[in-house]
1. For an R0 of 25 angstrom, estimate the FRET efficiency from the Cβ-Cβ distance between F93 and R138 and round to the nearest 0.05.
2. Let's see if you can work this out: charge +1 on each Lys and Arg Cβ, -1 on each Asp and Glu Cβ, no other charges. What is the dipole magnitude of the chain about its Cα centre, in debye to the nearest 20?
3. Given the protein chains as shown and a 1.4 Å probe, how many square angstrom of M247 are accessible, to the nearest 10?
4. How much length is gained if the chain between R244 and M52 is pulled fully straight, taking 0.36 nm per residue apart and subtracting their Cα-Cα distance, in nm to one decimal?
5. Total Lys pairs in the chain closer than 22 Å by alpha-carbon, pairs eight or more apart in sequence or interchain only?
6. What share of all Cα pairs of the chain, in percent, falls into each consecutive 10 Å distance bin?
7. Need one word for segment 102-145: rounded, prolate or oblate. Basis is the Cα gyration tensor (sqrt eigenvalues a ≥ b ≥ c); a/c below 1.5 gives rounded, then a/b vs b/c decides.
8. Run the accessible area of segment 98-203 with a 1.4 Å probe and give the carbon-and-sulfur part as a rounded percent.
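The values are calculated or read from the model by the stated rules, or taken from the named source; none is laboratory data. Worth saying up front: this structure is predicted, and the values here are computed from it rather than measured. Because the Cβ atoms are built from the backbone with ideal geometry, glycine has one as well, and the counts that use them run over all protein chains shown. Keep in mind that these areas ignore ligands, DNA and RNA; they rest on the heavy atoms of the full protein, side chains included. Shrake-Rupley method; radii C 1.70, N 1.55, O 1.52, S 1.80 Å.
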Amino acid sequence: MKTLLWLVLFLIGLAGVVMPALYLHASSKLPQLETEFDLEKQLRHSIEGERMSLQAGTFGPKRPITYTKPDFSRLPKDLVALYIAQLGCPTYFQTRREDGAKWAWRLFSVVTFGTEPPGDGVCERILATRLAEALGIRGSLELAVAANRLHSFLQKDQLLAYEMSILYFERGIVGVEDGAYKLFGRELETLKLQELAELALTLPPHYMYADALMCRNASLIRQNRDVLLADLAGFKLVTEERARTAMAQPVICR
């Protein structure tokens with residue numbers, strides 16, 4: 001029994017030395033990520049370059065290529081509701097931000113065991129990790145360290161706003177504003193609930209952008225759109241009446 005106890009204590013002590021060393025090593029391989037300004041600067045460089053690559057040599061009206069700091073208050077509330085519902089965290093904005101030991105254990109569990117405890121912290125980690133991936137960061141430990149840094153200076157609404165701003169649709173089409181304009185020919189803020197549900201189908205985890213753009217299988221698009229709307233009502237994120245009214249509308253692809 002004593003031998004087992006000493007072995008456990010030894011392993012705990014070893015982890016206390018090895019894990020910080022690994023963390024520091026992974027940190028040394030990351031780009032500058034100490035403040036929101038660092039994040040914004042790097043995203044601006046990559047996204048503006050991506051948008052410019054599409055517009056080079058083309059004629060006619062062009063959308064702005066400028067990457068502006070994401071503003072959560074400008075996102076349609078219905079789109080936010082659709083997104084967090086499909087992300088698996090319909091209560092994302094009803095729970096407190098995960099911090100401290102719980103957050104540290106979540107990252108440790110993902111890197112060490114490939115699993116994590118339940119809770120809306122799952123979605124905080126997913127959003128922070130996707131941001132890190134958009135910066136070109138790879139490797140489970142490196143992504144965990146980068147996610148931790150991003151999580152340290154971004155609140156829950158900011159994590160979601162930045163995620164919406166980096167969503168990739170196709171060459172030169174980055175962010176939900178670009179995606180909405182490409183699909184509907186209108187600005188994001190003008191879309192109605194049923195259109196926002198169609199847009200949500202093109203986002204993670206559904207990735208039906210090509211189907212929606214090429215108008216492939218309109219009946220399936222409508223069926224899936226209505227499932228999203230029903231989920232929204234089931235989670236009490238919209239009223240059942242609004243969901244039913246939206247379901248009664250045709251899809252843009254028909």
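1. Efficiency, from the Cβ-Cβ distance: 0.25.
2. The calculated dipole for the chain is roughly 200 debye.
3. Roll a 1.4 Å probe over it and M247 shows about 50 Å².
4. 65.0 nm
5. 15
6. Final binned percentages: 6, 27, 31, 21, 9, 4, 2, 0.
7. oblate
8. Exposed carbon and sulfur together represent 53 percent of the surface.
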